[in-house]
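Q: Please see the structure below; I have some questions.
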Amino acid sequence: MINYMKSESYRLLRKKGLYVTTMICFGLISAAGWILYYFDKTDANFPYGTSEFFNSNVIASGVVIIIIGVLYNSALTGKDLSLLKQSISFGISRNTIFWSKLILSLSYFVLVCVVGIILTIVLGETMLTSNQDSVQNFLIACINMAPIVLSGFVLTHSLKMLHVGDVLMVIILVFMYGYSSNLLRVIFRPFSGLDELYQYAPSFLLSDNLSNYVDNAMQLDLKYWLVGTMITLIALLVATNRFSKQNID
């Protein structure tokens, strides 16, 4: 597995698109910070020149971050999947292939997210108006959001390895992390005891996390980790089982 991971790591680090995507993400964060800074300095009545507002845009972008994760995962599960048959013929197990691609792409994605969080904090604290709790609340919000976003990345990897089309995959991700609570609310509304189940939908949790941040009521909540872990485990269980049996063309 180590040798295969070295090979995949080499392939991953040679993907120019990966670096372009990363620079675009960091560029957009920086541009947002500078725009708020500019208007804050040129308009005395501008109400959004605060680190809290700047940070809230990151907290509100959970679905966008998950979709961006699709691009990072595709670095090893895009055209590279055409090499699966060759890798298997060389005696590399499907289990090794599945986990190696996930670990490497996820590691890079997490690194980019951490750097993005640091960049956001630095820009917000040095360029915009900030209060003493802004960094702490932002980090708590990021910790709450992390398991949901990571579950989206794992679900993306699982779908990609099972050859689900990109369009269908994005639809699934947007629905699950953007609108699933609406469906659960309608389905379980008539059933007493289940009418609040929608509050455990990932879309509701992302929205609730943002609301708590805006209301300055942030606190660590185990519910985010329970839901994120459940989605991750189900996705991995189904994907590894089906990937071990599917035909490789």
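Q: Over the alpha-carbon set of region 132-249, work out the extent along each principal axis and list the three values in angstrom, largest first.
A: On the principal axes, region 132-249 reaches 56, 40, 24 Å in Cα extent.
Q: Do the sum for the chain: with -39,500 (n - 2.57) for every DSSP H run of n ≥ 4, divided by all residues, what is the mean residue ellipticity at 222 nm, to the nearest 500 deg cm²/dmol?
A: That calculation yields -25500 deg cm²/dmol at 222 nm.
Q: Taking θ as phi - 60°, what are the ³J(HN,Hα) couplings along region 53-60 by the Karplus curve (6.51, -1.76, 1.60), each to the nearest whole Hz, with x for Gly and Pro?
A: Result, rounded to whole Hz: 5, 4, 5, 5, 5, 6, 4, 7.
Q: Distances over 22 Å make up what percent of all Cα-Cα pairs in region 57-141?
A: More than 22 Å apart: 45 percent of the Cα pairs in region 57-141.
Q: Shifting gears a bit: For labels at Ala32 and Ser192 in the simple 7 Å Cα→Cβ model, what's the distance in nm?
A: It is 4.5 nm.
Q: Scan region 1-42 for trypsin sites (Lys or Arg not before Pro) in coil per DSSP, keeping those whose Cβ has at most 15 other Cβ atoms within 10 Å, and list them by number.
A: Loop-located and lightly packed - Arg14.
Q: With the dipole of region 50-180 worked out from charges on the C-beta (+1 for Lys and Arg, -1 for Asp and Glu) around the Cα centre, which of Met127, Gly178, Leu139 lies farthest toward the positive end?
A: Checking the options against the dipole of region 50-180, the answer is Gly178.
Q: Counting only heavy atoms of the protein chains, get the accessible area per residue of region 120-249 (1.4 Å probe) and round it to a whole Å² value.
A: Heavy-atom accessible area per residue stands at 54 Å².
Q: Hey, another quick one. How large is the convex hull of the C-alpha atoms of region 158-227 per residue, in Å³?
A: 124
Q: Between Val122 and Asp215, what is 0.36 nm times their sequence separation minus the Cα-Cα distance? Round to one decimal in nm.
A: Result: 31.3 nm gained on full extension.
Q: On alpha carbon coordinates alone, what is the Rg over Rh value for region 1-133, Rh being the Kirkwood radius?
A: 1.15
Q: How big is the Cα convex hull of region 1-57 in projection, averaged over all directions, in nm²?
A: Orientation-averaged projected area of the Cα hull: 5.6 nm².
Q: Suppose all protein chains stay in the model; what accessible area per residue would a 1.4 Å probe give for region 25-107, in Å²?
A: Here the residues of region 25-107 average 50 Å² of exposed surface.
Q: Rounded to the nearest percent, how much of the accessible area of the chain (1.4 Å probe, protein heavy atoms only) is carbon and sulfur?
A: 65
Q: Return the single residue from Leu194, Leu233, Leu173 with maximal mean-square fluctuation; model: Gaussian network over the chain, springs between Cα atoms under 10 Å.
A: So, out of Leu194, Leu233, Leu173, the one fluctuating most is Leu194.
Q: For the chain, report the % of Cα-Cα distances exceeding 25 Å.
A: 50
Q: Another question, if that's okay. Can you list the chymotrypsin sites (Phe, Trp or Tyr not before Pro) in region 1-42 that are in a DSSP coil and have 16 or fewer other beta carbons within 10 angstrom?
A: Loop-located and lightly packed - none at all.
The values are calculated or read from the model by the stated rules, or taken from the named source; none is laboratory data. Given the structure is predicted, the values throughout are model-derived calculations rather than measurements. Heads up, the Cβs are rebuilt from the backbone with ideal geometry, glycines too, and the neighbour counts pull from every protein chain shown. For the accessible areas, the whole protein counts, side chains as well, though only heavy atoms, and no ligand, DNA or RNA atoms are used. Shrake-Rupley method; radii C 1.70, N 1.55, O 1.52, S 1.80 Å.
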